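Structure first, then comments.
The values are calculated or read from the model by the stated rules, or taken from the named source; none is laboratory data. Note that this is a predicted model, so its numbers are computed, not measured. Here the Cβ positions follow ideal geometry from the backbone for every residue, glycine too, while neighbour counts run over all protein chains shown. Note: accessible area is taken over every heavy atom of the protein model, side chains too, but ligands, DNA and RNA are not part of it. Shrake-Rupley method; radii C 1.70, N 1.55, O 1.52, S 1.80 Å.
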Amino acid sequence: MSRRVRIASVNVNGIRAATRKGMIEWLDEADVDVMALQEVRATLEELQTALPGWELVNDEALAKGRAGVAIATRLPAVDVRRVLGPEPLDSAGRWIEADLDIDGERLTVVSAYVHTGEADTPRQDAKWAFLDAMEKRMPQLEQSSPLAVVMGDLNVGHRELDIRNWKGNVKKAGFLPRERAYFDRFLGAAGEQVAGVDGSTGTGLGWVDVGRAAHGEVDGPYTWWSMRGRAFDNDSGWRIDYHLATPALAERVSNYRVVRAPSWDTRWSDHSPVVADYAIGD
């Protein structure tokens, strides 16, 4: 008989700062079993201090105090992988996969932190390379683990519904047509030719955007707001934090939600957690 596994993803914007500002109090109420964390900016020892009682695996960035991804679980991981693609791909601190054995079924969870990028600069070139590697890895991941979910701050708003001020951002990193076309393929019908918003064509991978499937054709709900001005108060945000699930896993999801803080001053990150329940186990 399957059981509910509650999985959350959040860019913590520094794990030590997040725990000081209220993340632990949120965790005490959230009843989460698995967390994908991004931008932790910490060593494994610092993570263990910040999150006592959790099983933790991580991948640190090469530059101290930058990026960093981790997966925290109530069960030990049976296998962990930290390599997304061949060198010199800049994936250090940005991709980690963990296999969990839950009541006889294997669940693979990925914490990903895609580069922010900057249009027409080397920073964007690194983002293109990372998205290329994701596109190659995701079919391999599904083949080896039919129950898999890629989560994290993917730093792309897929559709106009995903950014409040989309018209002002069509030439900026995070909403460039070429970036969005990757998501057209990630989420397009498996094996079919998919037309990207940038005019490109490619093969659909068939993965499911759990958040969009849950909320339908509505604006947002947004997951990130600039710290500048009154973006949070005005809900002028971006939906850039995702659960992307294989079709087999997407059939088992329920209760997806974005946990938006009640007010600007109660936030412990500039991102909100995205949470969903999955039915796992024989």
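What's the extension gain from THR266 to SER254 if we count 0.36 nm per residue and subtract their Cα-Cα distance?
Length gained, THR266 through SER254: 1.6 nm.
What is the spin-label model distance, in nm, from ALA30 to ARG4 if the labels are put 7 Å beyond Cα along the C-beta direction?
Computed distance between label sites ALA30 and ARG4 equals 1.6 nm.
Between (i) 25, 23, 19; (ii) 32, 21, 16; (iii) 28, 24, 17, which entry matches semi-axes √(5λ) of the Cα gyration tensor in Å as derived from the coordinates of this structure?
(i)
If I ignore ligands, DNA and RNA and count only protein heavy atoms, how much of LEU141 is accessible to a 1.4 Å probe, in Å² to the nearest 10?
0
In whole percent, and with a 1.4 Å probe on the protein chains, what portion of the accessible area of the chain is carbon and sulfur?
The computed percentage sits at 49.
In the Gaussian network model of the chain, springs joining C-alpha atoms below 10 Å, which of GLY229, GLY152, GLY188 carries the largest mean-square fluctuation?
Ranking GLY229, GLY152, GLY188 by mean-square fluctuation puts GLY229 first.
Charges only on Cβ, +1 for Lys and Arg, -1 for Asp and Glu: so what's the dipole of the chain about the Cα centre, in debye to the nearest 20?
760
May I have the convex hull volume per residue, in Å³, for the Cα set of the stretch 1-143?
Cα convex hull per residue, to the nearest whole number: 122 Å³.
At 1.4 Å probe radius, can you tell me the per residue accessible area of the chain in Å²?
That works out to 44 Å² per residue.
Just need the relative contact order of the stretch 135-282 here, percent rounded to a whole number, with Cα pairs under 8 Å and 6+ apart.
25
Quick one: accessible surface of VAL170, probe radius 1.4 Å, all protein chains present, in square angstrom to the nearest 10.
Rounded to the nearest 10, the figure is 60 Å².
For a quick check of understanding: with a 1.4 angstrom probe and all protein chains in place, what accessible area in square angstrom does HIS215 have, to the nearest ten?
70
Please arrange TRP224, TRP54 by accessible surface area, largest first, computed with a 1.4 Å probe and ligands excluded.
The ranking, largest first, comes out as TRP224, TRP54.
What is the sum of charges around ARG212, taking Lys and Arg as +1, Asp and Glu as -1, for the other residues whose C-beta is under 14 Å from the C-beta of ARG212?
Here the charged neighbours net out to -3.
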